[in-house]
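The values are calculated or read from the model by the stated rules, or taken from the named source; none is laboratory data. Keep in mind it's a predicted model, so treat the numbers as computed, not measured. Backbone-built Cβ (ideal geometry, glycine too); neighbour counts: all protein chains shown. Surface areas here come from the heavy atoms of the whole protein model, side chains and all, with no ligands, DNA or RNA. Shrake-Rupley method; radii C 1.70, N 1.55, O 1.52, S 1.80 Å.
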Amino acid sequence: MDSSHLDPARLCFESDRTRRYIISSYWLVILLAIPLWWQTTSIDRLALPASRVQAERQREVLFPVTVNLEGKDGEDASHTARMVQSWLQLGEDAALENAINITVTAGNLSDAAYQVILDRGERNPVVDGRRLYFDMLPEMDMFGGVDTLSQDVSLGRLADTLTKLLVPYGTYAASNERAQRVMTYSPRYRLAFTLLNEDAASGNAALSWEVQDAIQRHIVPMLNKLSVLHNFTIESQVQYHAPLAFEPRSLEHEGQQAYGLTHEDLTVFVNSAEWTLSSSASNDPVIHFVLFIPSSKNSPLHILDYEGSVNPSNAFLLPQWGGIVLLNPSHQSTSTPNPLPKLSTTDLDPIFNTFAYQLIALLGVPGLPRSIEEMPPPESAPREPFTEWELDALLRKRALENVRGSKETLHSIIRLVDQIEGMPVGPDVRDDIEDALAALKEVHETSLSSPTAALKSSARALTLSSRAFFNPGMLALLYFPTEHKYAVYTPLFASIVAPLFGAIIREMMAWRRARRAAREEAQKSGDSAESSKDR
């Protein structure tokens, strides 16, 4: 063997001690990195005010409403007020369900929000502002005695009228259907008016419209009155090619060929794949109003009832989306011939009257009962789109919806965090929940005096609770549970730790073999020494 080649075991970096130092250094780095890894991967899970959320959930908001009765000629109405209050207590459950507490007084002009002027007669009730003019039936019979039946009928009618005006959402038979079509509350809406030509090249089209004047005349007065509830942004556009996704049904109407839309067709009328109805990008909910002009091959186009007959109405409503009006224009849609047909303000008046009605329905304005009339305005004054009674009822309804929605959202957050142990709860989520609870507290305080202020606080509570529920930090873990975390980390650390464990096992086995060999060597040396002494 060549003496110039050294034994590899005798090299300094191949010695057992050096090799063990190297392996130990790897494990030392891993052990020192564990606290840093734990800190960077730990979940921030702050405590939430679960008890306050539960207490707020059990608390109900209540709007106190005072109605003052007075006789037209200064007669004392105290007895009538007490009797009407007794009648109202019979329907107290419906009032409390709508979070309203009605108190009827007499001679209380300063504190009462509503006034009822009593008179004798048989005219229908009339509202003017927050006043109600109500005729009581004559209490004297033909013999000069008190007609108790007429008195009871009048008191029942007055109590029923007040209930219909103050609690309209709990008295309509179709209240559930109305609630399903009303837009979800939002502080801001975008109104998108679209003139939609199915095929302008067919010749049966309107290429422009005087939409600004029509909006100013029919929509803006309504938006001004609704400004206490919402802010509105208006946009309009004209499209020249908007094909239907289906073929209308062919039929004969008034001796000529026509086409009809069944109720099934109305549900799929909007061709979202090919129609671009929203022209600007925004997170605000959009309420669409579409004036649809069919092409010459599908004209005239009508809406069919359930029996297949032509419906006299040419408009329909899509719940929580908007309204659509069908227009079958004649070749002379304007007063003067125009090579580029244009819809004038006169042409648009009936259409935008329909749009205004649809907007009221979509925003949840209750409307007056048929038995109640509105005071005609003076000759020079424009007619109000709806009464103060309707506006106040809508304010209370929207505030109540926001409060209940906020409570359910906060309760859902608490329940979700309790169910998912590893869900992070950061300071932003906790602060939003705290602020939402504070806003709900403001609702209870302001509901006693101002439904408008209560609505604003309830809207803020709903926004904050929704923002906390949809916080990105909380949502991320819903799609990345603990099992997925193990699945990610296992391949990463297994490839590192497995060789290190193998090295430790080999070194321990080598160390044990070395110790065993050393003991055997020492034992042999001792036996040799004893043999030498014996000799």
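Overview of values
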{"quantity": "Residues whose placed amide H lies under 5 Å from that of Ser450, excluding near-sequence neighbours", "calculated": "none"}
{"quantity": "Prolate/oblate/rounded call for region 343-481, Cα gyration tensor, a/c under 1.5 rounded", "calculated": "prolate"}
{"quantity": "Cα-based shape type of the chain, given that a ≥ b ≥ c are square roots of the gyration tensor eigenvalues and the cut on a/c is 1.5", "calculated": "oblate"}
{"quantity": "For the chain, with +1 on Lys and Arg beta carbons and -1 on Asp and Glu, the positive-most of Ser344, Leu226, Leu251 along the dipole", "calculated": "Leu226"}
{"quantity": "Cβ charges +1 (Lys, Arg) and -1 (Asp, Glu), total dipole of the chain, debye", "calculated": "3320"}
{"quantity": "Full-extension gain in nm, Tyr489 to Ser25, via 0.36 nm per residue minus C-alpha separation", "calculated": "164.8 nm"}
{"quantity": "Karplus (6.51, -1.76, 1.60) ³J(HN,Hα), θ = phi - 60°, over region 25-33, in Hz, Gly and Pro reported as x", "calculated": "5, 4, 5, 5, 4, 5, 5, 6, 7"}
{"quantity": "Count, lysine Cα pairs under 27 Å in the chain, 8 or more residues apart or across chains", "calculated": "14"}
{"quantity": "Modelled FRET efficiency - R0 35 Å, Ala55 with Asn124, Cβ distances, 0.05 increments", "calculated": "0.15"}
{"quantity": "Label-to-label distance, nm, for residues given as Lys297 and Ser449 (7 Å Cα→Cβ offset)", "calculated": "6.7"}
{"quantity": "Kirkwood Rh in Å, taken over region 221-313 so that all alpha-carbon pairs contribute", "calculated": "15.9"}
{"quantity": "Cβ crowding within 10 Å averaged over residues, with 387-399, 429-441, 105-117 ranked highest first", "calculated": "387-399, 429-441, 105-117"}
{"quantity": "³J(HN,Hα) computed for each position of region 217-228 - Karplus, 6.51 cos²θ - 1.76 cosθ + 1.60, integer Hz, glycine/proline x", "calculated": "7, 10, 9, 4, x, 5, 5, 4, 6, 8, 5, 6"}
{"quantity": "Projected label distance in nm at Phe501 and Leu109, using a 7 Å step from Cα toward the beta-carbon", "calculated": "9.1"}
{"quantity": "Dipole of the chain [Lys/Arg +1, Asp/Glu -1 at C-beta], most positive-end residue of Thr194, Pro378, Pro329", "calculated": "Thr194"}
{"quantity": "Surface share of carbon and sulfur [accessible, 1.4 angstrom probe, percent] for region 357-397", "calculated": "53"}
{"quantity": "Mean Cα-pair separation over length for the chain, i.e. relative contact order, pairs under 8 Å, 6 or more apart, %", "calculated": "16"}
{"quantity": "Under 11 Å, Cβ to Cβ, from Trp209 - net charge with Lys/Arg +1 and Asp/Glu -1", "calculated": "-2"}
{"quantity": "Amide H within-cut-off set for Ser236, under 5 Å, with H built and near neighbours excluded", "calculated": "Phe193"}
{"quantity": "For Arg430, net neighbour charge (Lys/Arg +1, Asp/Glu -1) across residues whose Cβ lies under 13 Å away", "calculated": "-3"}
{"quantity": "Positive minus negative residues near Val403 (Lys, Arg vs Asp, Glu; Cβ under 14 Å)", "calculated": "+3"}
{"quantity": "Residue-by-residue Karplus 3J(HN,Hα) for region 383-391, coefficients 6.51, -1.76, 1.60, Hz, glycine and proline x", "calculated": "6, 5, x, 7, 8, 5, 4, 5, 5"}
{"quantity": "Förster radius 25 Å - calculated FRET efficiency between Glu254 and Asn353 (Cβ-Cβ, nearest 0.05)", "calculated": "0.55"}
{"quantity": "Computed [θ] at 222 nm, helices only, for the chain once each DSSP H run of length n ≥ 4 contributes -39500 (n - 2.57)", "calculated": "-15500 deg cm²/dmol"}
{"quantity": "Ordering of 296-304, 484-492 by burial proxy (mean other Cβ atoms within 10 Å per residue, highest first)", "calculated": "296-304, 484-492"}
{"quantity": "Average accessible surface area per residue within region 209-255, 1.4 Å rolling probe, Å²", "calculated": "56"}
{"quantity": "List Thr184, Thr18, ordered by accessible area with a 1.4 Å probe, largest first", "calculated": "Thr184, Thr18"}
{"quantity": "Rounded FRET efficiency, nearest 0.05, which uses the C-beta distance separating Glu307 from Thr276 and R0 of 35 Å", "calculated": "0.50"}
{"quantity": "Dipole magnitude of region 191-250, debye to nearest 20 (Cβ charges: Lys/Arg +1, Asp/Glu -1, about Cα centre)", "calculated": "280"}
{"quantity": "Zone residues, region 454-470, relative to Ala438, backbone N less than 17 Å from point 7 Å out along Cα-to-Cβ", "calculated": "456-468"}
{"quantity": "Extreme residue, positive dipole direction of the chain, given options Leu362, Leu464, Leu137 (C-beta unit charges)", "calculated": "Leu464"}
